[in-house]
1. Do we have any residue at all in region A:173-184 that's in contact with a Cys (Cβ under 7 Å, 6 or more places away or on another chain) and part of a helix (DSSP H, G or I)?
2. Out of curiosity, is A:ILE179 crowded, with 20+ Cβ neighbours inside 10 Å and touching a helix residue (DSSP H, G or I) at 6+ places or on another chain (Cβ under 7 Å)?
3. Could you list all residues from region A:71-117 that are among the β-branched types (Val, Ile, Thr) and either assigned to a loop (DSSP other than H, G, I, E, B) or closer than 30 Å to A:PHE201 by Cα (or both)?
4. What do you reckon, is B:ALA20 over 26 Å from B:GLN248 (Cβ atoms), among the aliphatic types (A, V, I, L, M), surrounded by fewer than 23 Cβ atoms within 10 Å (Cβ to Cβ) and out of contact with any His (no Cβ under 9 Å at 6 or more places or on another chain)?
5. Residue under question is B:LYS213, and the condition is that it be in contact with a strand residue (DSSP E or B) (Cβ under 8 Å, 6 or more places away or on another chain) and within 28 Å of B:GLN144 (Cα to Cα); does it hold?
6. Quick check: is even one residue across region A:183-204 modelled with pLDDT under 90, within 21 Å of A:ILE294 (Cα to Cα) and β-branched (Val, Ile, Thr)?
7. Give me the pairs: first residue in region B:1-24 and on the phi > 0 side of the Ramachandran plot, second residue among the hydroxyl-bearing types (Ser, Thr, Tyr) and surrounded by 15 or more Cβ atoms within 10 Å (Cβ to Cβ), beta-carbon distance under 9 Å, and six or more apart or on different chains, which are they?
Amino acid sequence: MAQGLKTIIKKELADHFSSYRFTIIFALIAMLSLITAYMVGLNIKNELAGVAKPRFIFLMLFTSSGALFSLVQFVAFFGPLVGLVLGFDTINRERNEGTLSKLLSQPIYRDVVINGKFLAGVVMIAVMMISIVMVITGLGLLIMGIVPGFEELWRIFLYLIISIIYISLWLGVAILFSIVFRSTATSALAALAMWIFFSFFVSLGANILANALSSDTTESDPDKVMTRAKIVKAFSLTSPMELYTDATATIIDPMRKSTRSMVSMGPLESISMARFSGPLPLSQSILIVVPYIISLIAIAVICFAISYTVFMRQEIRSM
Amino acid sequence: MSTKAIIETHELTKIYNGQAAVDQLTFIVNEGEIFGFLGPNGAGKTTTLLMLLGLTEPTSGKARVLGLDPTRDPIKVKSRIGYLQENMGFYPDLNARQMLRFVGELNGVTGSAAETRIESALQTVGLFEEIGKKIGAYSRGMRQRLGIAELLIKDSKVAFLDEPTLGLDPDATNRMIELIQSLARDQHMTILLSSHMLQQVQKICHRIGIMIKGKMVVQGPIDQLAQEKFGVGKEKYSLEQIYMKYFQEA
């Protein structure tokens, strides 16, 4: 390990754990996920009373929406916020306090500073996601009295990994802004704007774009409907949230056969579908989501690479 | 005093946005010396220090610190130089012990060796009673002394002190000056001291260099400069008068 990396990670972790900011956001997310899991658990229990239990019932804790949204949707929306909050002032706060040049005048390489900070953030995210999932699993055991199967545990594990990558991606974005902007307020706002844009506006934009590209939206020609759906899909895949939602939905819901949300079927087709409605094996689910996971990692790596280059080139002047 | 050069630069130049912040700077600091690095604000003193530390790349010219090239060997150079920067740059939420432990770890000083070194360093600078206090609650003078303690933790052979007496009250200034002298005397450190407190500089520095607009206009022992400028010994003229003379000429 590079010299000083461990020291910096250790210090960053201590800072994170003792900061109010992290405590507040962690409490908020833990509370919301607890409530969600509790309501979903009760729901499932009531609905399934006296009915033969379907397979993979345990995973329904994560996917079915109780009162408002499911846990998976919740993490997709608000997980990025955790990454942003952890990272938006990483470098510029140190710059403003004059501690960055102190750090850099010690015998460590410059990249160790951002690597250490990024890794410490990833550890925080992992701790948070794992504890939330553990709490929900425990709660599910209590409420429903069902033990998750081996495959279900694997799927939950994969879900965790994808979620950690997804939130780390936003951490990378936040760190990038903290390097580019001198003021912490500016970097926080820029990161928030980015989050809102990719989480809410891309799907809106996709529809507008599709309307513009396909001539007539009222057309009932199946080819045209398909083209339009494809445009929407392709465009919305630029959003990490879309990538994440599709990937996790496939992993955590074995009944899903593809990442596509729209399947157009005739009546005969749906009958034949119903005959083959068994769950997808884990290996096949993984096969479907691998490209999505790779895209997520690629975006994270690109963000980090840009941060790295910008940081290495920045002049240490009057800091 | 030996005459081995610890710091050596040759036509060192740094250009920011087309303007030369440091312009063909050539100077030498010898071993065990306290070198007074003088000059108005914005003359390029800090930039020179950053280049000698390997934090900023020179546009042209050469620099040698302890025989090493700071641009090529920044890690080695940084492990041997203690840099007390103008704004100090301490984490306000840490206490003195945690801060020094952090610096020690980054320099490979860990375990019980680090703890004893931390305690003796804080004793030397007179901060042992404040060891558990958060740095955010320290006065400016205390922070400066903590900065000196940091140099002791690193056990550096060379110290760059950038305005160590800036904004200190007279009592704290005297304490700081005594500390700096003891560093050179007891720890055999070579010290590059940048300051505006000309009286103090005159008291403790062996040689001085005056830098104006990125250029070193003169360097040498103070009495030699007095001799050159006024034709008399330093008893007659204060460093302040010499400095002003050069400043007006530039």
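The values are calculated or read from the model by the stated rules, or taken from the named source; none is laboratory data. Quick caveat, the model's predicted, so the values are computed rather than measured. Every residue, glycine among them, receives a Cβ derived from its backbone with ideal geometry; neighbour counts consider all protein chains shown.
1. First, pick out the residues of region A:173-184 that are in contact with a Cys (Cβ under 7 Å, 6 or more places away or on another chain): A:173, A:176.
Retained after the next criterion (residues that are part of a helix (DSSP H, G or I)): A:173, A:176.
So far as region A:173-184 goes, yes, one or more of its residues are in contact with a Cys (Cβ under 7 Å, 6 or more places away or on another chain) and part of a helix (DSSP H, G or I).
2. Numbers: crowded, with 20+ Cβ neighbours inside 10 Å: yes; touching a helix residue (DSSP H, G or I) at 6+ places or on another chain (Cβ under 7 Å): yes.
Spelling it out, A:ILE179 is indeed crowded, with 20+ Cβ neighbours inside 10 Å and touching a helix residue (DSSP H, G or I) at 6+ places or on another chain (Cβ under 7 Å).
3. Kept after step one, since they are among the β-branched types (Val, Ile, Thr), are these residues of region A:71-117: A:72, A:75, A:82, A:85, A:90-91, A:99, A:108, A:112-114.
If the condition is that a residue be among the β-branched types (Val, Ile, Thr) and either assigned to a loop (DSSP other than H, G, I, E, B) or closer than 30 Å to A:PHE201 by Cα (or both), then A:VAL72, A:VAL75, A:VAL82, A:VAL85, A:THR90, A:ILE91, A:ILE108 are the ones that fit.
4. Values: over 26 Å from B:GLN248 (Cβ atoms): no; among the aliphatic types (A, V, I, L, M): yes; surrounded by fewer than 23 Cβ atoms within 10 Å (Cβ to Cβ): yes; out of contact with any His (no Cβ under 9 Å at 6 or more places or on another chain): yes.
No.
5. Numbers: in contact with a strand residue (DSSP E or B) (Cβ under 8 Å, 6 or more places away or on another chain): yes; within 28 Å of B:GLN144 (Cα to Cα): yes.
Yes.
6. yes
7. B:GLN24/B:THR13
Quick grid of which residues meet (1) out of contact with any Asp or Glu (no Cβ under 9 Å at 6 or more places or on another chain); (2) buried (at least 19 other Cβ atoms within 10 Å of the Cβ); (3) in contact (Cβ under 8 Å) with a residue 24 or more places away in the chain:
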residue	(1), (2), (3)
B:PHE35	yes, yes, yes
B:LEU49	no, yes, yes
B:GLU105	yes, yes, no
B:LYS134	no, no, yes
